[in-house]
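Enquirer: Dumping the structure here so I can ask a few things about it.
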Amino acid sequence: MRTFELLKRDNGHDISNNVTFRIPSSVNEIVCKLTGSSLKEVLKNSVYDTHVSVVRDKLRFASNIIVALFKGPIGSIIEHLESIFTNEDHNINTIVMVGGFSESKYLQQQIRLAFPDKQVIIPEEAGLAVLKGATMFGYNMRQIETRISRYTFGLALTTSFDVHAHPINRLVIEGPLKGKVFGLFSKLVEIGQALDANTCACTQTFVPQDGITYYDACLYASTSANPQFIDEPECFKIGSFVVNCTDQNGEVGSTTLWMCFGGTEIVVLAVHNISGLNTSAVFNLPE
């Protein structure tokens, strides 16, 4: 595994050449036990006969086998980057390659070929860059000024049924919620949206109706950009908390919810618009 890890990082090695791995003697013993033949004989009778050979205690791989091993992961990386660059809101001109795999000369070459119009930066000790960044972030979370939302966030909402906006099967026809539609996904943040860290900019105002003095603020997330209802397959619940709609004198009033991103947490703040009293809850950002 150590040899393969060095190959993955490339370490100056050209994977267009043949590559040799040292293998423990136990591998040959296991193959003999399972097949009744030596590893050399098994490979000779396989489709890899001309591509993989045994030389004493080593396995020698032809370059096309090694390139094939890298083709899948590198293709996935390029595909993911392409999906990011197609978002016009991002306007990204630079790629910073970090992590052990980023030290691979072959990966660097393929990234440059795939994105000739982008500036590609590989810092010294790219394999340690993630660890160093995590350490710096642990000491000072304000190091990251902007984050890109991985999900669409919103609140569960109950409102009056609108024949032009809501499907008829969502209409409640009896009970306390008659004439209402519930479980609407009221969007606060859209997936891919740039968010300033440690600021509260995502707001929504709720006006209590029908004598209600409090409500449960339920926060949901979705992998969809425009979810309509909280029970859609892409949606999942983050958490909830109770918001009091009355002031010190018992007067019922509207509340404004603020959604704040900072560090690894989401803070939801509900402010009573008459009294200024507030209620807040803290949730961990989903993985």
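The values are calculated or read from the model by the stated rules, or taken from the named source; none is laboratory data. Quick caveat, the model's predicted, so the values are computed rather than measured. Neighbour counts run over all protein chains shown; Cβ positions are idealised from the backbone, glycine included.
Enquirer: Within the range 55-71, does at least one residue satisfy the condition of being touching a Gly at 6+ places or on another chain (Cβ under 7 Å) and in a loop (DSSP other than H, G, I, E, B)? First the steps, then the outcome.
Expert: Keep residues of the range 55-71 that are touching a Gly at 6+ places or on another chain (Cβ under 7 Å), which gives none.
The answer is no, given that none of the residues of the range 55-71 is touching a Gly at 6+ places or on another chain (Cβ under 7 Å) and in a loop (DSSP other than H, G, I, E, B).
Enquirer: Which condition number does ALA156 fail, the rest of (1) assigned to a loop (DSSP other than H, G, I, E, B); (2) surrounded by 11 or more Cβ atoms within 10 Å (Cβ to Cβ) being met?
Expert: Only one criterion is unmet by ALA156, namely (1).
Enquirer: Please work out which one of (1) under 30 Å from GLN204 (Cβ atoms); (2) touching a strand residue (DSSP E or B) at 6+ places or on another chain (Cβ under 8 Å); (3) assigned to a helix (DSSP H, G or I); (4) not acidic (Asp, Glu) is the condition GLN108 fails and give its number.
Expert: With (1) under 30 Å from GLN204 (Cβ atoms); (2) touching a strand residue (DSSP E or B) at 6+ places or on another chain (Cβ under 8 Å); (3) assigned to a helix (DSSP H, G or I); (4) not acidic (Asp, Glu) applied to GLN108, the lone miss is (1).
Enquirer: Kindly indicate whether PHE182 is assigned to a strand (DSSP E or B) and surrounded by 14 or more Cβ atoms within 10 Å (Cβ to Cβ). Write out each step before concluding.
Expert: Values: assigned to a strand (DSSP E or B): yes; surrounded by 14 or more Cβ atoms within 10 Å (Cβ to Cβ): yes.
When the stated conditions are applied, PHE182 passes them.
Enquirer: State which residue pairs qualify: first residue over 21 Å from GLY179 (Cβ atoms) and touching a residue at least 12 places away in the same chain (Cβ under 8 Å) and inside the range 207-223, second residue among the basic types (Lys, Arg) and part of a strand (DSSP E or B) in any location, beta carbons under 7 Å apart, and separation of 6 or more residues or different chains.
Expert: That search, which allows pairs on different chains as well, returns CYS218/LYS237; TYR220/LYS237.
Enquirer: Output the qualifying pairs, or none if there are none: Cβ atoms under 6 angstrom, residues six or more apart or on different chains, first residue in the range 45-61 and among the polar types (S, T, N, Q), second residue not in a loop (DSSP other than H, G, I, E, B).
Expert: SER53/ARG60
Enquirer: Only residues that are small (Gly, Ala, Ser) and surrounded by 17 or more Cβ atoms within 10 Å (Cβ to Cβ): list them for the range 264-287, please.
Expert: Of the residues in the range 264-287, the ones small (Gly, Ala, Ser) are 270, 275-276, 280-281.
Selection gives ALA270, ALA281.
Enquirer: For ALA126, state whether it is touching a residue at least 12 places away in the same chain (Cβ under 8 Å) and either within 27 Å of THR264 (Cβ to Cβ) or touching a Ser or Thr at 6+ places or on another chain (Cβ under 7 Å) (or both). Lay out the reasoning, then the answer.
Expert: Working: touching a residue at least 12 places away in the same chain (Cβ under 8 Å): yes; either within 27 Å of THR264 (Cβ to Cβ) or touching a Ser or Thr at 6+ places or on another chain (Cβ under 7 Å) (or both): yes.
Yes, satisfied.
Enquirer: Okay, next question. Return yes when ALA197 is under 24 Å from ILE84 (Cα atoms), in the same structural domain as VAL172 (by TED's automatic domain parsing) and touching a Lys or Arg at 6+ places or on another chain (Cβ under 7 Å) and no when it is not. Let's see the steps before the verdict.
Expert: Values: under 24 Å from ILE84 (Cα atoms): yes; in the same structural domain as VAL172 (by TED's automatic domain parsing): yes; touching a Lys or Arg at 6+ places or on another chain (Cβ under 7 Å): yes.
It is true that ALA197 is under 24 Å from ILE84 (Cα atoms), in the same structural domain as VAL172 (by TED's automatic domain parsing) and touching a Lys or Arg at 6+ places or on another chain (Cβ under 7 Å).
Enquirer: Check whether at least one residue in the range 79-86 is outside the structural domain of VAL27 (by TED's automatic domain parsing), under 29 Å from GLU190 (Cβ atoms), among the small types (Gly, Ala, Ser) and exposed (fewer than 12 other Cβ atoms within 10 Å of the Cβ), and report yes or no.
Expert: yes
Enquirer: Give me a count of the residues in the range 87-110 that are touching a residue at least 60 places away in the same chain (Cβ under 8 Å) and either touching a Leu at 6+ places or on another chain (Cβ under 8 Å) or surrounded by fewer than 17 Cβ atoms within 10 Å (Cβ to Cβ) (or both). Walk me through it before giving the result.
Expert: We begin by selecting, within the range 87-110, every residue touching a residue at least 60 places away in the same chain (Cβ under 8 Å); these are 87, 89-90, 100-101, 103-107.
Of the ones still in play, those that are also either touching a Leu at 6+ places or on another chain (Cβ under 8 Å) or surrounded by fewer than 17 Cβ atoms within 10 Å (Cβ to Cβ) (or both) are 87, 89-90, 100-101, 105.
Number satisfying all stated conditions: 6.
Enquirer: Given the conditions (1) farther than 30 Å from ILE266 by Cα; (2) not assigned by TED's automatic domain parsing to the domain that holds TYR220, report the number of the one that ILE168 does not fulfil.
Expert: It is condition (2) that ILE168 fails.
Enquirer: Follow-up question, since we're still on this one. Where residues in the range 223-262 are of a type in the set (Gly, Ala, Ser) and touching a Phe, Trp or Tyr at 6+ places or on another chain (Cβ under 8 Å), which of them is modelled with the highest pLDDT?
Expert: Residues of the range 223-262 that are of a type in the set (Gly, Ala, Ser), as a first pass: 224-225, 239-240, 250, 253-254, 262.
Among the residues that remain, those that are also touching a Phe, Trp or Tyr at 6+ places or on another chain (Cβ under 8 Å) are: 239, 254.
On the way: GLY239: 89, SER254: 83.
This residue is GLY239.
Enquirer: Condition first: among the basic types (Lys, Arg) and in contact with a strand residue (DSSP E or B) (Cβ under 6 Å, 6 or more places away or on another chain). Now tell me which residues in the range 22-60 satisfy that. Steps first, answer last, please.
Expert: So the first thing to find is which residues in the range 22-60 are among the basic types (Lys, Arg), and the list is 22, 33, 40, 44, 56, 58, 60.
Within the range 22-60, ARG22, LYS40, LYS58, ARG60 qualify.
Enquirer: Give LYS132, LYS187 a once-over and let me know the one that is of a type outside the set (Val, Ile, Thr), under 21 Å from the mean Cα position of the chain (by Cα) and assigned by TED's automatic domain parsing to the domain that holds SER104.
Expert: Details: LYS187 fails: assigned by TED's automatic domain parsing to the domain that holds SER104.
Of LYS132, LYS187, the one residue that is of a type outside the set (Val, Ile, Thr), under 21 Å from the mean Cα position of the chain (by Cα) and assigned by TED's automatic domain parsing to the domain that holds SER104 is LYS132.
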